[in-house]
Amino acid sequence: MTSLTGARTQRTEAAACLERAVRALSALQHPEGWWKGELETNVTMDAEDLLLREFLGIRTQDETLAAAKWIRSQQRDDGTWANFYGGPPELSTTVEAYVALRLAGDPPDAPHMAKAASFIRDAGGVEATRVFTRLWLALFGLWSWERLPVMPPEIVLLPPSVPLNIYDFGCWARQSIVAISIVSAHRPVRPIGFGIDELRTGAGDPPPPPLFSVPGAFARLDRVLHRYERHPFRTLRRWALARAERWILYRQEADGSWGGIQPPWVYSLIALHLQGYAIDHPVIRAGLEGLEGFIIRDERGRRLEACQSPVWDTALASIALADAGVEPGDPRLVAAGQWLLRKEISVRGDWSVRRPQLAPGGWAFEFANDHYPDIDDTAEVIMALARTGVPATAASKRGIAWVLGMQSDDGGWGAFDVNNTRDLCRKLPFCDFGELIDPPSADVTAHVVEMLASADRSSTALARGVAWLLRNQEDDGSWFGRWGANYLYGTGAVVPALIAAGVPPRHQAIERAVAWLEAHQNPDGGWGEDLRSYDDPAFSGRGASTPSQTAWALLALIAAGRWGPTVDGGIRFLVETQRNDGSWDEPYFTGTGFPHDFYINYHLYRLVFPISALGRYVRACGSQDGDGG
């Protein structure tokens, strides 16, 4: 009797918690129907924004002071900057922040600057930073172009059938590489007015890798390219630069961006400027004006979002409200569904290079990114539309057909491209930062499988997707999370997808996943995973509890029908940590841009995923009680 009373009390508390969270989420909806939470990253975005404006000659004092205030606010007591909240010191991030603050007028002997410089020298100095950091330094004469790997613009002339053509790279890398190849060909130097000798160790270039190895072969190819750069074939170089320029121009989006993400955006502006486009040229002006829409200003200063996620956020928010019991036809869901329909993509993007016969369809992540719809968003949008009550059959059919056409040969799905698995791209000496290719991943494949399960459980593509997921389960029972942190994200996506696709809850793969989740619950009832799990297996499923990661674990356990102390503890964690306004605190980054290198704090994750978990819990409890609640 006590147990039953306790269960009903917890369900009542969970329902009240859910109601408060739904109110909080509803209040964040834009009048046009969409949601968008802040997408928080690290201070390289802000440092590079100042450096971009310095290079273009448009940096203002007000912008500089506000950005510097934000950058200083993110410095830790040891003088360093990290790539994510609570993360280890990061050398390249610290160097870029330091240079930006020097640009803002902070003297090198100031205590906070001296601490940063000391760490930089101890960590290997600017000599040990990533290539992209040294590229920014080269723009201002703080590093020699001769000591950077070469990325010649002639790469755009390689046909798609030739290895290491631009379409072998993931779309985010492809867009940056084309722009950087123009910058690399010009090798500009615009003195910045100060030096950074205090950040140098005097170390020379490392010895080349062994000759009879892939890195060694590329290192020697880079030497050849350096010689070519001194005396390029003029006609070929002009042709390549013109082709690269046209390639960039064609892909500028309606909001002035390139791909809706910071790296290709800033590099494209620099590249076009070097090609002769003045600051007041419509293309440059649109790019700079578009950046303004990505800037957040508050009492902490001025910061730049690396990207914006309105389509993704709106789809997740719609699903969360439906999970919470909001009925199809509710004005909130209708407005969201109608807005999502308007964001359907109807033009061919880079994906059509590999799939020329496939008709366009689907959705992107951002407000404007027609050239790069993504499979993950498309799957979530289709599932969201089915729950809004908005007639969307035709758009959903087009989206499903596009997703089916983007299935890779191994049965899985990547995010933006099909069969984008050329591992050789990762070996290039120029590309030492971030993931460069877009192979199938467990989280994207799971979302597609879940979507297809609701559309056609008998499809061959669905069966192949399920088989891919079962083959790619980790030895410990979890699944790797490419776009979220990390094994909790992958496992939280895969288990509900497999159950939706008809895999029995007592299937061995489900049992192993459940056991892994149970073994990784924290004493406070929640779950958390430090982003260092991408580098160190000891962090797999381990970290401070967060609302979003707790929700991912609960979604898996609830889907598998595992009731008891583990689920009760997770629900209790959400109830006890909810703020008075219905939301949750989540300073930890639980999103992934590039494993090992670049991470994201999606500010809406702390709300939408707990709502989905609580909603499914309350509904399941109601079914068990027999009251339909």
Sequence-distant lysines (8 or more away, or on other chains) whose Cα lies within less than 24 Å of K397: K343
Estimated D of region 295-350 in µm² per second, where Rh is the Kirkwood radius over Cα pairs and Stokes-Einstein applies at 20 °C, 1.002 mPa s: 156 µm²/s
For W34, net neighbour charge (Lys/Arg +1, Asp/Glu -1) across residues whose Cβ lies under 12 Å away: +1
Rounded to whole Å, sorted largest first: equivalent-ellipsoid semi-axes of region 12-95, Cα gyration tensor: 35, 20, 10
Student exercise, region 388-481 dipole from Lys, Arg, Asp, Glu Cβ charges, in Debye to nearest 20: 460 debye
Separation between Cα centres of region 291-344 and region 145-219, rounded to whole Å: 37 Å
Relative contact order [Cα under 8 Å, 6+ residues apart], the chain, whole percent: 16 percent
Computed [θ] at 222 nm, deg cm²/dmol, the chain (DSSP H ≥ 4; -39,500 (n - 2.57); rounded to nearest 500): -16000 deg cm²/dmol
Sorted by Cβ density within 10 Å, fewest first, the residues M113, M406, M383: M113, M383, M406
Modelled label reach - E576, point 7 Å along Cα→Cβ, region 4-46 residues with backbone N closer than 20 Å: 4-21
Dipole axis of region 183-239 (+1 Lys, Arg; -1 Asp, Glu on Cβ), positive-most option in L199, W239, H226: W239
10 Å beta-carbon shell around A368, net charge (K/R +1, D/E -1): -3
Dipole of the chain [Lys/Arg +1, Asp/Glu -1 at C-beta], most positive-end residue of H273, T9, I58: H273
Spin-label model distance (nm) - S144 vs Y228, 7 Å beyond Cα toward Cβ: 2.2 nm
Nitroxide proxy distance, nm - points 7 Å out along Cα→Cβ at E327 and A620: 2.5 nm
Net charge of Cβ neighbours under 15 Å - reference D476; Lys, Arg +1; Asp, Glu -1: -4
Alpha-carbon centroids, region 273-288 and region 32-50: separation in whole Å: 23 Å
Spread of Cα-to-Cα distances over 10 Å intervals beginning at zero, given as percent, for the chain: 3, 16, 26, 26, 18, 8, 2, 0, 0
Under the Karplus curve 6.51 cos²θ - 1.76 cosθ + 1.60, θ = phi - 60°, whole-Hz ³J(HN,Hα) for region 85-92, x wherever Gly or Pro sits: 4, x, x, x, x, 10, 4, 5
Region 11-160: relative contact order in percent, alpha carbon pairs under 8 Å with at least 6 residues between: 19 percent
Packing-based exposure ordering (other Cβ within 10 Å, fewest first) of Y617, Y228, Y277: Y228, Y277, Y617
Cα lying deepest toward the dipole's positive end in the chain, options P31, A97, G256, charges on Cβ: G256
Descending semi-axes in whole angstrom, ellipsoid equivalent of region 295-416, from the Cα gyration tensor: 25, 21, 12
Percentage relative contact order, region 566-607, counting C-alpha pairs under 8 Å, at least six apart: 29 percent
Gained length - R220 relative to L157, 0.36 nm times residue gap less alpha-carbon distance: 20.5 nm
Shape category assigned to region 545-627 from the gyration tensor of Cα positions, a/c cut at 1.5: prolate
Sorted peptide list for 253-266, 321-334, criterion being average Cβ within 10 angstrom, highest first: 253-266, 321-334
Alpha-carbon centroids, region 504-543 and region 559-629: separation in whole Å: 15 Å
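We did not get these values from a lab; they are worked out from the coordinates using the rules stated. Everything numeric in this text was worked out from a predicted model, so none of it was measured. Note: ideal-geometry Cβ built from the backbone for every residue, glycine included; neighbour counts use all protein chains shown.
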